[in-house]
Amino acid sequence: MKIERLNFYSYSIVLKSPIKMMGTFQNERSGFIIELIDENGLSGWGDAAPFPGLHKESLETVEQVFKNSFSALLKQKDNNYRSWLQFTQDLFSGTPSLCFAVQSALLMISAKLKNVLPALFVNPQALTDIKLNALLTPDNLNSFHDKIVGQGFKAVKIKVGIQSIDDEINLINSLHKKCGEDIKIRLDANRNWSFKQAVFFAKSVQKSCIEYIEEPLENPAMCPQFFAETGLNYAFDESLHDGLFDATKNYHGLSTLIIKPAVVGSFYKLSKILANAHMKNHRIIFSSTFESGIGLTAIANLAAAFAGNSVHGLDTISWFTTDTIIPSFRIENSHINLNELSKSVLNKEILKSVV
């Protein structure tokens, strides 16, 4: 494969309502779309959209690093996909969101060369249809019936650790009554609770409907003790991505690893996380950092390739007023169909050429 041309676009999409992550509120989502074009005219896309407070790199850094890499990308010629992954991992080691974007584009081209979906290029046994959980916030629970029951979702995710503990206990117990036993609830506390607070919450809610609680404690090292005290399974997200997770350690009660490919960056690093998870029998759930449809498409293909039977967290597109692809990244009856996604084209109307 040789990259003959590349295009670099910026985008900024207004959100339907503000989102809060890592202590920051965002009213719009901005990023860059990378388009690589090989000697056969085949193109691949990637989405580099660092999220403030979650990624260390800024938009300005991503732009500068990518501009500085133009000549290196155009000079590189290697028919081995894995060699390209190693090359770009080294080239973009300090900017994981950009590494994810470039490697997503390379995967897309490599799959087109074989005339298969990216998921099937990575794993010939991959599914081409994956299930998603719905993403709820306390202020959008009024649309619960239409969004959850009406679209057939079997799992919902909701943030906790935001309001008072008593209010959130009432909220989750109320949600359980609405959901029944057929819909599982996934909680995400984002490390907002002390051990005492988390234990009180876990002992006060109806646990039969709760699949797990993501990052329940300020101090993740105490999560096994939390499980021993409450019997409530937990999941790691930030702990997995900020280096606190020890892959050699057995975490009693850890059921799930939440993987954000745009934070991991390199596909090689991703493969190591996956290998360890399978060895420890941890469930894998792929999640986003509010990327546009191009980034979500790449994540959906990775999810289908490596954890097709899980229910994944890509409902963030419901916050977007438009998308970087046409048709937009669409959730149909709580599912994503990769064959349909492969028909999308770039939405040039909202993309601004940077170079």
At 0.36 nm per residue, minus the direct Cα-Cα distance, what do K272 and V345 gain on full extension? Give it in nm, one decimal, please. 23.1 nm
Any idea how far the Cα center of the range 43-64 sits from the one of the range 197-241, in Å? 31
Is there a quick way to get the dipole size of the range 3-115? I mean about its Cα centre, with the Cβ of Lys and Arg at +1 and of Asp and Glu at -1; what is the value in debye to the nearest 20? 240
Calculate for the chain the 222 nm mean residue ellipticity that helices alone would give, adding -39,500 (n - 2.57) per DSSP H run of length 4 or more and normalising by residue count, nearest 500 deg cm²/dmol. -10500 deg cm²/dmol
Just to confirm the number: angle between the C-alpha axis of helix 81-91 and the first principal axis of the chain, 0 to 90 degrees, nearest 10? 80
Computed label-point distance, nm, for sites E218 and N80 using a 7 Å Cα→Cβ extension: 5.0
Highest-first arrangement of 102-112, 196-206, where packing means the average Cβ count within 10 Å: 102-112, 196-206
If you keep only loop residues by DSSP, which trypsin sites (Lys or Arg not before Pro) in the range 219-273 have at most 12 other Cβ atoms within 10 Å of their Cβ? K249
Label-point separation (nm) for D166 and Q125, each offset 7 Å from Cα along Cα-to-Cβ? 5.3
Projected onto the charge dipole of the chain (+1 at Lys/Arg Cβ, -1 at Asp/Glu Cβ, origin at the Cα centre), which of G231, V355, Q197 gives the Cα projection farthest towards the positive end? G231
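Out of the DSSP beta bridges found with both residues in the chain, what percent are antiparallel (nearest 5)?
Antiparallel: roughly 55 percent of the beta bridges in the chain.
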To the nearest 0.05, what FRET efficiency results for K56 and R5 with a Förster distance of 22 Å applied to their C-beta separation? 0.15
Between N192 and V14, what is the label-point separation in nm under the 7 Å Cα-to-beta-carbon projection? 2.7
Could you give me the ³J(HN,Hα) list for the range 161-175, computed from phi with Karplus coefficients 6.51, -1.76, 1.60 and θ = phi - 60°, whole Hz, x at Gly and Pro? x, 9, 9, 5, 4, 4, 4, 6, 4, 4, 4, 5, 5, 5, 5
Of the residues I185, L341, V156, the Cα lying farthest along the dipole of the chain towards its positive end, which is defined by charges on the beta carbon of Lys, Arg, Asp and Glu, belongs to L341
The range 3-115 - percent relative contact order, Cα under 8 Å, separation 6 or more: 29
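FRET efficiency for N281 and Q26, Cβ-Cβ distance as r, R0 = 35 Å, nearest 0.05?
0.45
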Please give me, ordered by residue number, the GluC sites (Glu not before Pro) of the range 1-110 that lie in loop per DSSP and have at most 11 other Cβ atoms within 10 Å. E39
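Based on Cβ point charges of +1 for Lys and Arg and -1 for Asp and Glu, what charge dipole magnitude is obtained for the chain about its Cα centre, in debye rounded to the nearest 20?
Once rounded to the nearest 20, the dipole reads 520 debye.
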Within the range 263-355, report the GluC sites (Glu not before Pro) that DSSP leaves as loop and that have at most 16 other Cβ atoms within 10 Å. E349
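Taken together, the values in this text are just the output of simple stated rules run on the coordinates, not laboratory data. As the structure is a computational prediction, the values presented were derived from the model and not from experiment. Methodologically, a virtual Cβ is constructed for each residue, glycine included, from the backbone with ideal geometry; neighbour enumeration extends over all protein chains shown.
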